[in-house]
Amino acid sequence: MNYVHVGINVTNLEKSLSFYTKLFGKDPVKTKEDYAKFLVEKPGLNFTLNVRDTVQGNQVNHFGFQVKGTQDVLTHKERLQAAGLKIGLEEESTVCCYARQDKFWVEDPDGNEWEFFFSYEDIQEKTEETACCTK
């Protein structure tokens, strides 16, 4: 299944977990001291909470599409390039959000970032490699 991915910034994970657990009617599939992840099958949503010291203005961290495999990442990259979009950062075997991933990024005209990614290994501990989630 493909998921639309939305990551938002929050200042209080406990309060946010309580709200979103109720909103989605299910518990998160992953919870860390500074991060939580919900997978909602319908409408196919991968929704994450990212703790920040302060939050002002727009609370969107980034948007993304989680796909079934690395080949799907490459297919989307080629499709977007063919459509004239500039591909930003490309990452292979990167560790982000407690998972090893292959991904690439694009930005909309207002600077909102979108990622296309495939996660193929769960990472249990936060390390230097997880820095991609520190917007």
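The values are calculated or read from the model by the stated rules, or taken from the named source; none is laboratory data. This structure is a prediction, so every number in the text was calculated from the model and none was measured. With ideal geometry, Cβ positions are generated from the backbone for all residues, glycine too; neighbour counts draw on all protein chains shown.
Tabulated data for the structure shown
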item	result
Count of residues meeting criterion [in a strand (DSSP E or B), without any contact (Cβ under 8 Å) to a residue 40 or more places away in the chain and among the acidic types (D, E)] in segment 96-121	3
Selection from segment 14-56 of residues that are aliphatic (A, V, I, L, M), assigned to a loop (DSSP other than H, G, I, E, B) and either without any contact (Cβ under 8 Å) to a residue 40 or more places away in the chain or in contact with an Asp or Glu (Cβ under 7 Å, 6 or more places away or on another chain) (or both)	V29
Matching residues, segment 68-94, being among the β-branched types (V, I, T), part of a helix (DSSP H, G or I) and either under 16 Å from the mean Cα position of the chain (by Cα) or within 9 Å of F117 (Cα to Cα) (or both)	T70, V73
Residue within segment 82-95 that is surrounded by 14 or more Cβ atoms within 10 Å (Cβ to Cβ) and touching a residue at least 40 places away in the same chain (Cβ under 8 Å) present	yes
Test: V29 is surrounded by 14 or more Cβ atoms within 10 Å (Cβ to Cβ) and among the hydrophobic types (A, V, I, L, M, F, W, C)	no
Given (1) farther than 17 Å from S119 by Cβ; (2) in contact with a Phe, Trp or Tyr (Cβ under 9 Å, 6 or more places away or on another chain); (3) crowded, with 17+ Cβ neighbours inside 10 Å; (4) not aliphatic (A, V, I, L, M), number of the condition F65 does not satisfy	(1)
Test result for E90, farther than 15 Å from K37 by Cβ and at pLDDT below 95	no
